[in-house]
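The structure appears right after this line, and notes come after that.
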Amino acid sequence: MTSPAKPDPLSRRRFLGGAAIAGAGLAGTGLAHAETGKPDPLITEVQDWSRYLGEGVDKRPYGTPSRFEKHVMRRDVSWLTASPESSVNFTPLHELDGIITPSGLCFERHHGGIADIEPANHRLMIHGLVDKPLVFTMEDLKRMPRQNRIYFLECAANSGMEWRGAQLNGCQFTHGMVHNVMYTGVPLKTLLAEAGVKTNAKWLLLEGADSSGMNRSLPLEKALDDVLIAFAMNGEALRPEQGYPLRAVIPGWEGNLWVKWLRRIEVGDQPWQAREETSKYTDLLADGRSRRFTFFMDAKSVVTNPSPQAPLKQKGRNVLSGLAWSGRGTIKRVDVTLDGGKNWQHARIDGPVLDKSLTRFYVDFDWTGQDLLIQSRAMDSTGYLQPTKEELRKIRGTNSIYHNNGIQTWHVKANGETENVEIG
Ligand code: MTE
Ligand code: CO
């Protein structure tokens, strides 16, 4: 916003000596900056981008973000894994808005690097307890009835470093193993109907074509419900790192099940007890026993701004922003506290509220410069309320890795700096 003020002799002089330019009339009016009351040369003087021709349409056949957005990127935590091929990087949640994750910023998790697959040479096989084993090419799949659906994918290990206390400083690292895109694909039930599933079938094995050949057992019931065999995300072909040319989409369930570079589906009558469902992706409980097959991702939320990588910059008017999601349905309500849980208010949800999708919320607030202890807690359409970390630890202990959906706390200090903390 601007308001009238005394003409600035400096910018007037520059204007008089300068070329005749678009917007030059502003110089004489002496418009001042709303906050400082001082004249702002960025509006009274002509900048280079107004003075010279811009780049032509032939320079960017595939567009990329502005060069001033280079800091918006996936990041990894170097000490977390031994090699980049079996590793993870994180979505920069604090730099994003709305509910769709841009394809190039979706976190990546691979066990054997990114498979480089020529789609013409890719096949999907369905076999096992079926009347007719089938092999599909990509072209075959693209001639079958398809659907478009927006879903979040969350790795079960998201927030896994936080079980023993606040650790990583940034929502990118504490919560960035989640992304939300629109998938295009063929319902798995269509493919299974074509193969003819035998009556004693109960489970499927999904297997990837990457060097890790990652595989997981999936209950047939889920496969016949809402699973998609997707070839596109956000309107274009899947990205290589997201499973090009084909991936499984298992709405609301842990990311590990969403097999990328999908090449084989075997139909059976019991789970396979694969590595990823025995040695990994089981939840160690406080009493020492392990819980198998925790498929659902329960309701969770996080305030993305402010957060450690996005501190508060200015007193007065501010926007708190965050994300909420549930693997069991839609988000019904998000509560936010600024004082460590003494007072809660309902956040303002804006944008689409979709089943098993990220949902965006805001709290428009005035910051007087006092310390804040910010938390958000999501309630989903089943009535389930996101638990505190202490409530989770009572059941799960502190030796868990997976399925940490506890309430996150950010401490905003008087200088705006923001830190990952826990309060008792
Ligand atoms: N599929 C294959 N074939 N290989 C893999 O390493 N990683 C799994 C799953 N599917 C994996 C895979 C894990 S643990 C997760 S969380 C998701 O893919 C990550 O999907 P993304 O890389 O699109 O974020
Ligand atoms: Co994962």
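The values are calculated or read from the model by the stated rules, or taken from the named source; none is laboratory data. Not measured: the values here are computed from a predicted model. When we count neighbours, we look across all protein chains shown, and the Cβ atoms used for this are built from the backbone with ideal geometry, even at glycine.
Before moving on, here are some points about what is shown:
- Qualifying residue in the range 176-196 (condition: of a type in the set (Gly, Ala, Ser), touching a helix residue (DSSP H, G or I) at 6+ places or on another chain (Cβ under 8 Å) and under 20 Å from Gly128 (Cα atoms)): no
- Every condition in (1) β-branched (Val, Ile, Thr); (2) farther than 16 Å from Ile126 by Cβ; (3) within 16 Å of ligand 2 (Cβ to nearest atom) is met by Val259 except one, and the failing one is (2).
- Screening the candidates Thr64, Thr36, Thr91 for the property of being under 30 Å from Pro308 (Cα atoms), modelled with pLDDT under 90 and hydroxyl-bearing (Ser, Thr, Tyr) yields one hit, Thr36.
- Any hit, the range 229-238, residues being modelled with pLDDT of 95 or more and within 21 Å of Pro133 (Cα to Cα): yes
- Note on the range 85-123: residues that are in a loop (DSSP other than H, G, I, E, B), more than 16 Å from ligand 2 (Cβ to nearest atom) and over 12 Å from Pro240 (Cα atoms) amount to 8.
- Test result for Gly341, surrounded by fewer than 19 Cβ atoms within 10 Å (Cβ to Cβ) and either in a strand (DSSP E or B) or in contact with a strand residue (DSSP E or B) (Cβ under 7 Å, 6 or more places away or on another chain) (or both): yes
- Of the strands (runs of 3 or more DSSP E) lying entirely inside the range 357-418, those containing at least 2 residues that are in contact (Cβ under 8 Å) with a residue 12 or more places away in the chain and out of contact with any Asp or Glu (no Cβ under 7 Å at 6 or more places or on another chain) are 359-367, 372-380.
- Among the residues listed as Thr304, Thr294, the single one being farther than 25 Å from Ala120 by Cα and within 16 Å of ligand 1 (Cβ to nearest atom): Thr294
- Hits in the range 126-164 (condition: within 15 Å of ligand 1 (Cβ to nearest atom) and assigned to a strand (DSSP E or B)): Ile150, Tyr151, Phe152, Leu153, Glu154
- When Leu224, Leu220, Leu284, Leu238 are checked against the criterion of being among the aliphatic types (A, V, I, L, M) and either under 22 Å from Gly104 (Cα atoms) or within 15 Å of ligand 1 (Cβ to nearest atom) (or both), Leu238 stands alone in meeting it.
- Options Leu228, Leu168, Leu141, Leu204: the member that is away from ligand 2 (no atom under 16 Å from the Cβ), touching a Gly at 6+ places or on another chain (Cβ under 9 Å) and within 21 Å of Lys280 (Cβ to Cβ): Leu204
- Any hit, the range 228-235, residues being closer than 22 Å to Ser159 by Cβ, without any contact (Cβ under 8 Å) to a residue 60 or more places away in the chain, under 20 Å from the mean Cα position of the chain (by Cα) and buried (at least 17 other Cβ atoms within 10 Å of the Cβ): no
- The range 243-266 residues that are assigned by TED's automatic domain parsing to the domain that holds Leu141, paired with ones that are of a type in the set (Asp, Glu) and assigned to a loop (DSSP other than H, G, I, E, B) (beta carbon under 7 Å, 6 or more apart): Pro251/Asp226; Lys260/Asp210; Trp261/Asp210
- One residue from Gln147, Gln167 being under 24 Å from the mean Cα position of the chain (by Cα), surrounded by fewer than 20 Cβ atoms within 10 Å (Cβ to Cβ) and at pLDDT below 95: Gln167
- In the range 278-300, the residue that is nearest to ligand 2 (Cβ to nearest atom) out of those that are modelled with pLDDT of 90 or more and of a type outside the set (Phe, Trp, Tyr) is Met297.
- Members of the range 267-277 that are touching a helix residue (DSSP H, G or I) at 6+ places or on another chain (Cβ under 8 Å) and either more than 16 Å from ligand 2 (Cβ to nearest atom) or not assigned by TED's automatic domain parsing to the domain that holds Asn215 (or both): Val267, Pro271
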